[in-house]
Amino acid sequence: MKLLAPSILSADFSILGEQIKEVEEAGADIIHLDIMDGVYVPNITFGIPVIESIRPITKLPFDAHLMIVNPEKYVLDFIKAGVDMISFHMDATIHSHRLVDQIKSNGAKAGVVLNPATPVNTLEEIIHYIDYVLIMSVNPGFGGQKFIPQTAQKVTKLISLMEESGNTDILIEIDGGVGQDNIGYLSMLGVNIFVAGSAVFKGNIKENVKKLKEKMQVAI
Ligand code: DX5
Ligand code: ZN
């Protein structure tokens with residue numbers, strides 16, 4: 001499965017609704033929502049009211065990437081606002097297993113995020129319970145950063161861990177610095193969901209989505 005998830009962090013917020021419609025019409029598969037609290041990461045973005053107001057605009061699934069401390073306090077609100085997938089950073093919460101359970105029992109897919117310096121083996125005990133893993137290929141906090149090449153090796157390591165654990169249904173998502181120059185390679189390594197912010201919203205959105213989708217399909 002290969003899915004393109006534009007991150008609206010790089011969209012023009014003055015015409016957010018139009019831009020979401022445009023990526024949907026162009027063939028995007030998921031809308032990626034970067035939720036930052038200014039504590040877990042050095043930046044603040046948007047929250048529940050924005051999600052509620054864009055929810056009726058599109059049929060695409062919403063994927064919330066929570067870069068916030070104590071995510072367990074807010075996951076229910078995100079799900080109520082219409083989020084379908086929720087990922088969190090394990091070092092932002094104390095009881096990761098409980099949180100995964102909370103997300104799944106309320107009807108959303110649960111994912112865990114690996115920062116660039118977080119090893120894949122930290123997933124060893126949680127891998128049996130999650131639906132997807134989000135590999136950060138930049139340090140979380142900002143759009144438009146350069147892809148960190150070493151993070152690509154984690155895709156292969158993660159596939160080995162999935163095979164060892166017997167949970168091979170997990171989807172692999174990658175986030176940060178993904179563009180036309182590396183999406184084909186990442187797809188070949190086994191990535192399923194490609195988050196792209198600036199590579200979608202800078203320039204011609206329709207053309208960008210079309211080219212990224214063509215290149216990510218090469219590896220099927
Ligand atoms: C960074 C965010 C990313 C980011 C992606 O903390 O998680 O989703 O917005 O933006 P680009 O594709 O521009 O690196
Ligand atoms: Zn993200």
Q | Mean separation of Cα contacts under 8 Å, 6 or more apart, over the residue count of the chain: relative contact order % | A | 22
Q: With a point put 7 Å past each Cα toward its Cβ, work out how far His128 is from Lys104 in nm, to one decimal.
A: 1.1
Q: Report the dimensions of the chain along its three principal axes from the alpha-carbon atoms, largest first, rounded to Å.
A: 42, 37, 30
Q) Taking a temperature of 37 °C and a viscosity of 0.692 mPa s, what whole-number D in µm²/s does Stokes-Einstein yield for the range 17-138 with Rh from Kirkwood over alpha carbon pairs? A) 221
Q | Around Gln102: net Lys/Arg minus Asp/Glu count, Cβ-Cβ under 11 Å | A | +1
Q) Under 18 Å from the 7 Å Cα→Cβ point of Glu163, by amide nitrogen: which residues of the range 185-199? A) 187-192
Q) How do Lys109, Lys154 rank by accessible surface area computed with a 1.4 Å probe, from largest to smallest? A) Lys109, Lys154
Q: Subtracting the Cα-Cα distance from 0.36 nm times the residue separation, let me have the gained length for Phe142 to Met188 in nm, one decimal.
A: 14.0 nm
Q | Helical mean residue ellipticity (222 nm; -39500 (n - 2.57) per DSSP H run of 4+; nearest 500) of the chain | A | -9000 deg cm²/dmol
(Q) With a 1.4 Å probe and all protein chains left in place, how much accessible area per residue does the range 3-219 have, in Å²? (A) 44
Q) Top mean-square fluctuation among Ile135, Ile148, Ile15, Gaussian network model of the chain, C-alpha springs under 10 Å? A) Ile15
(Q) Suppose R0 equals 30 Å. What FRET efficiency, 1/(1 + (r/R0)^6) with r the Cβ-Cβ distance, do Asp91 and Val218 give to the nearest 0.05? (A) 0.30
Q: First compute the accessible area of the range 3-219 with a 1.4 Å probe, then give the percent of it belonging to carbon and sulfur atoms.
A: 52
**Q.** Cβ-placed point charges (K, R +1; D, E -1), dipole of the range 66-154 about Cα centre in debye, nearest 20
**A.** 200
(Q) Please give the charge dipole size of the chain, origin at the Cα centre, charges +1 on K and R Cβ atoms and -1 on D and E Cβ atoms. Round to the nearest 20 debye. (A) 360
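The values are calculated or read from the model by the stated rules, or taken from the named source; none is laboratory data. As the structure is a computational prediction, the values presented were derived from the model and not from experiment. Here the Cβ is made from the backbone with ideal geometry for all residues, glycine too, and neighbour counts use every protein chain on show. With ligands, DNA and RNA removed, areas are computed over all heavy atoms of the protein, side chains included. Shrake-Rupley method; radii C 1.70, N 1.55, O 1.52, S 1.80 Å.
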